[in-house]
Amino acid sequence: MACGCWVAGLALLAAACAGLAEQGFVPDGRLNRDDVTNLMAADARLSDGFRRGPAGTHGKFPVDGWTRADQALTWEIDAPRADGYAVNVLFHCPSGHALDLTVAAAGRQVTLSAQPTRHGWTRERLEGVLRLSRGRQTVTLQARPHGGAAAFEASVFSVELVRPSVAQRLHRAALRMRSDTTWMQKTGYGLMCHWTSQTCPRNGSPKPYADAVRDFDVEGLARQVQETGAGFLVLTTSHAEQYFPAPLQALDRILPGRTASRDLVSDLAAALGRRGIKLMLYYHIGASSDAAWMRASGFWETDTSRIFGGWKSIVQEVGRRYGRALAGWWFDDGVINYYYRSPRWEELTRAAKAGFPGRVVAYNPWLWPSPTEIQDYCCGELFEDPSVGGLVPAGGDGRYIGGTYQGLQACATLIAEGDWVHSRQDAPVGPPRWTAGGLVDLLGRFEAHRNVPIFNLEITQEGAFSPETVAVFRQAHAKRGNGQ
């Protein structure tokens, strides 16, 4: 699933992780001269009054409780040589106050008076460059309300440091690597299904994963997708546990026993392709609920060469095998899981497009800022407003005109029933959230903005959607085809 439902609250996420070993990724503080270095608020030394996000999970979350000008976040960094760095601050100010931001180090500082955006999180580049000395030093972030306002309320996610020439190179790379997303707009909408190692059958006990892959009803699912009128399907591979529904040498080298002899991806791509429907894959880098994967993948290691080396080997093998039959990737936890490791996004995205440069790629931000512009679309988890606060205007080209997602194709990944995963044994799938008429209205509003909705339908281990939900989509598709 996407990482979770904000409405349920971060408290539920923390509770779900209770009892896990207290581990986490610890950065070494070294600045990367050739890429962006992300200083996470969660890793900072904090003044009194700040509140950290939930601990014990695989992610790192924003820091809340920023209300006073005397509060500060500080990091110890190690610069390989004296140089100038551009500085971005990622923050959220629900009170709407403009903030005077200051980042200081080595006796120098950069500042900016920043106005919050209309939609949540803001990434602001401070004026000028911050001259850093060689070696260890402290970086400090502070804020005060602009114009002498008495108080403010804000959250902070990170400070980004990047040499200006590198920032320009990465921006050019992002534009050069962008894939055409007009096919997504033309399809109207897609479906997603969380068919994972935790998916339950319609009745009875779940089968072992490889057996369930073997018995999956590909033709039945492809017929249902066709009935709904959707133009593409996003199939979840790994999620809470690291599995893949096909032979995959790269995964077997890291953690044997998590693959299958049947190539379900190939079979499903072929069945959908015969019906003019594209296939995309969802992939999760790893969750703290899978202790074996945490150990085998090097998940917590400060040196990220093992975790990202394994990731690249997996997605490259998949991409090269399926080529054009794999239309896209939906990578989860792009912000709370990838970002804090300061990944080389250009390398990751190039690996994700192996075998087909036109493949669309996205790193799900959940409700937080975009982790990188080196991607093609915004996943839009639970973004039910087609305009996204005015950042995706009606009559536009379907791309964000501002905010941290600027330039990306707009998508919205929505829950169609009660949950992302059908994980309750001997429990029915809940009713669809919309009537056929309501769905027609929703699709019309998204179409006006060229914002592409992706509806997550619960799927059983046999490989079937709820007939009731399929019927609602079928009726809505027919109404739209008849101009109703």
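Here are a few things to note about the model shown:
- If both residues of a DSSP beta bridge must be in the chain, then about 60% of such bridges are antiparallel.
- Helix-derived mean residue ellipticity, 222 nm - over the chain, DSSP H n ≥ 4, -39500 (n - 2.57), to 500: -7500 deg cm²/dmol
- Remark: the Arg81-Arg108 segment gains 8.1 nm on full extension, using 0.36 nm per residue and subtracting the alpha carbon distance.
- Farthest positive-ward along the chain dipole, Cα basis, beta-carbon charges - from Tyr377, Gly190, Trp75: Tyr377
- Assigned charges on the beta-carbon of Lys, Arg, Asp, Glu; the chain dipole about Cα centre (debye): 1280
- Relative contact order, percent, segment 31-164 [alpha-carbon distance under 8 Å, six or more residues apart]: 38
- Percent RCO, i.e. relative contact order, over segment 178-481, from Cα pairs under 8 Å lying at least 6 residues apart: 24
- Our estimate of slack between Ile401 and Glu219, defined as 0.36 nm per intervening residue step minus the Cα-Cα distance, is 61.5 nm.
- The alpha carbons of segment 31-164 give a radius of gyration and a Dmax of 14.3, 41 Å, in that order.
- Segment 342-371 and segment 266-288: distance between their alpha carbon centers, rounded to Å: 17
- Which of Ser342, Ser165 has the fewest Cβ neighbours within 10 Å, and the rest in rising order: Ser165, Ser342
- Summing Lys and Arg as +1 and Asp and Glu as -1 over all other residues whose Cβ lies under 15 Å from the Cβ of Ser113 gives a net charge of -1.
- Model label points for Ser261 and Arg445, set 7 angstrom from Cα along the Cα-to-Cβ axis, are 5.0 nm apart.
- Once you divide the Cα radius of gyration of the chain by 2.2 N^0.38 Å, the number left is 0.98.
- Exceeding the 24 Å Cα-Cα cut-off - candidates Lys207/Lys353; Lys60/Lys312; Lys207/Lys278: Lys207/Lys353; Lys207/Lys278
- Computed FRET value (nearest 0.05) for Ser305 with Arg424, which takes r as the C-beta separation and R₀ as 30 Å: 0.15
- The modelled label-to-label distance between Arg131 and Asp70, using points 7 Å beyond Cα along the C-beta direction, is 3.2 nm.
- At an R0 of 56 angstrom, the distance between the Cβ atoms of Asp211 and Ser165 translates into a FRET efficiency of 0.55.
- Neighbour-count ranking [beta-carbon atoms within 10 angstrom, fewest first] of Arg341, Arg202: Arg202, Arg341
- When only the Cβ of Lys, Arg, Asp and Glu is charged (+1, +1, -1, -1), the dipole of segment 286-334 relative to its Cα centre reaches about 320 debye.
- Over segment 338-484, all Cα pairs binned in 5 Å intervals from 0 give whole-percent P(r) values of 2, 9, 15, 16, 16, 16, 13, 8, 3, 0, listed from short to long.
- Computed about its Cα centre, the charge dipole of segment 31-164 is approximately 180 debye, with only Lys, Arg, Asp and Glu carrying charge at their Cβ.
Every number in this text was worked out from the coordinates using simple rules, so none of it is lab data. Model, not experiment: these values are computed from the prediction. All Cβ positions, glycine included, derive from the backbone under ideal geometry; neighbour counts span all protein chains shown.
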